Amino acid sequence: MSSWFALLIFPGFLYAVPMGWLMLWLERKILARLQSRIGPPFYQPFFDFVKLMSKEPIPRAKGEDVFYLLTPLLALGATLGSMTLLPILASSSSAVGDLVLFIALIEISPIGLVLLGFFSRSIFGQVGAIREATLTIATNLPFITALIALGYASGSLRLSEIALNAPSVVRAFALLALLFCLPIKLRLNPFSVANAEQEIYQGALTELDGWRLGLWELVHAVEWVALSGLIVTLALPWRSGVAFLDALIFALLSLALVVILTVVAGATARLKLLQASRLYWRWGFGLALLALVVSLFPFGG
Amino acid sequence: MDAKISLFIRLVQSARGRSPWLFHLNCGGCNGCDIEFLACLTPRYDVEQLGIRLEGSPRHADILCVSGPVTRNTQAALQTIYAQMPAPKVVVAIGSCPASGNVFADSPSVAGPLEKFIPIDVYVPGCPPRPDAILEGIAAAVQRLKARPVKGKGDESHV
């Protein structure tokens, strides 16, 4: 399977974008049903995107527009790139150390949001950027520790080998820690501190209009697919070998993960920045550390 | 070639009609209309099934919902916020205040009515109007939004 196919078709652009829209819709729909509303129709994120791209935003200086165009495109490319590293199919060949590359690529979009918040020169954008940066550090501590534990326990930094060989005890603890990091990376309740709509008008995105906002909505959709995809590929210790079946299982499990995350988000209220980061430094990191300690012992392997 | 262009225009118009995002601005009203407006977002009326979303930033919005007679204090903010919204945009005047000043008319602190400052597309009369009436007004505003030219020239595309 060539890497161009992976980047552009599966699990890249042609899969990730419609799937991301489906996930954004599922999130809004489940939230609506939990509040006994009917909720938006399934094509909602697609039409939101088309509308945003077709608006005529207020003209800005050319230099600013270069920034507004390049940051989301870079984040989109990086997130799609991280998707290609996921060992979804049995035939997915992964390079040495693609775990490290995955961590690097998935972090481009938070960094882009932080830059964007400061660049927008809006007080809400700056507060959003500070919150995003604080939470990125707080969440990456357990996130990376859990991935190190998985890598150490399976004796490899290849995602495909980790997915197939990681011992089950370590895998259970590490996946719990990774799952714990997901709401903050997707900016969901109760950790939607950086994009709080009511307090800071969606933080870094406050000053964006038209296509500038539309591109970031697209990045967010693809982020959903990539991060839920990471959990699903690492949770499944086997591949059927039939490409279509593996892809289908991957897609369905990703959607199931969206349901879990949305139910948690719908049932909780937003925490404060201090509470959220303390939760990750203490409990998230504690869980990941447990996975790391277990991976050092032979019964973990 | 023409068929392709008209298909594109139809897609864009359809998208505009299916995803109108609102920005809500109180220009010195008594808060009565705002309570009725927020009732539209509750599960009973559930505007999200029409793709409507209440946005915190005017830059994200398509429809500006104004309530209140425009007071001297809010007049500058109103004009800034209208200018920040990307075209195509429409304005809904909620309640009697933005239309006529209502009971606040001729007050020295009132600079309105609203039409002195920005062009209005839809009036929703009432003091306050019921949520059903506000929804009807927003539905009319969506039709105006769809009718805007797809390749307009900024604010002048206003009809």
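Taken together, the values in this text are just the output of simple stated rules run on the coordinates, not laboratory data. Owing to the predicted nature of the structure, the values given are computational and were not obtained by experimental measurement. Because the Cβ atoms are built from the backbone with ideal geometry, glycine has one as well, and the counts that use them run over all protein chains shown.
Miscellaneous remarks
- Neighbouring partner chain Cβ atoms per residue of B:107-113, average, 10 Å criterion: 0
- The label-point distance for B:L11 and A:L255, in a model that sets each label 7 Å from Cα toward Cβ, rounds to 2.4 nm.
- C-alpha center-to-center spacing [the range A:193-257, the range A:1-76] in angstrom: 10
- Of A:K51/B:K89; B:K4/B:K89; A:K51/A:K185; A:K29/A:K272; B:K116/B:K146; A:K29/A:K185, those spanning more than 18 Å from alpha-carbon to alpha-carbon: B:K4/B:K89; A:K51/A:K185; A:K29/A:K272; B:K116/B:K146; A:K29/A:K185
- Rounded if a/c under 1.5, otherwise prolate or oblate - the range B:21-149, Cα gyration tensor axes: oblate
- Subtracting the Cα-Cα distance of A:V66 and A:A104 from 0.36 nm times their residue separation leaves 11.4 nm of extension gain.
- What the Cβ-Cβ distance of A:I111 and A:V293 gives, at R0 = 41 Å and to the nearest 0.05, is a FRET efficiency of 0.85.
- Note on A:K55: aspartates and glutamates with a C-alpha under 20 Å away, same-chain residues under 8 apart excluded, are A:E64, A:D65, A:E207, A:D209, A:E217, B:E55, B:D62, B:D121, B:D155, B:E156.
- Its Cα gyration tensor gives chain A an equivalent ellipsoid; the semi-axes, largest first and in whole Å, are 31, 22, 19.
- Exercise: per-residue mean of other protein chain Cβ atoms within 10 Å, A:201-208: 3
- Which of A:K29, A:K55 has the fewest Cβ neighbours within 10 Å, and the rest in rising order: A:K29, A:K55
- Axial C-alpha extent at least 27 Å, average Kyte-Doolittle at least -1.0 - helices from chain B (DSSP): none
- Amide H to amide H, with H built 1.01 Å from N, B:A87 comes under 5 Å of A:E56, counting only residues 5 or more places away or on other chains.
- Nitroxide proxy distance, nm - points 7 Å out along Cα→Cβ at A:R278 and A:V263: 2.9
- Inter-chain Cβ neighbour average for residues B:123-131, partner chain, 10 Å: 0
- Compared with the dominant Cα axis of chain A, that is its longest principal axis, helix A:44-54 is turned about 50°.
- Residues of the range A:1-24 with amide N under 16 Å of the 7 Å Cα→Cβ point at A:A247: A:1-20
- Mean separation of Cα contacts under 8 Å (6+ apart) over length of chain A, as relative contact order %: 29
- Relative to the longest principal axis of the Cα atoms of chain A, helix A:285-296 runs at roughly 20 degrees.
- Placed amide H near A:A90: partners under 5 Å, 5+ positions off or other chain: A:G241
- With helices as the sole contributors, chain A gives -23000 deg cm²/dmol at 222 nm; each DSSP H run of n ≥ 4 counts as -39500 (n - 2.57), and the sum is divided by every residue.
- Taking the C-alpha atoms only, the angle from helix A:62-84 to the longest principal axis of chain A is near 20 degrees.
- Top of A:L178, A:L245, A:L80 by mean-square fluctuation, Gaussian network on chain A, Cα under 10 Å: A:L245
- Approximate spin-label separation B:I35-A:F13, in nm, with each point projected 7 Å along Cα-to-Cβ: 5.3
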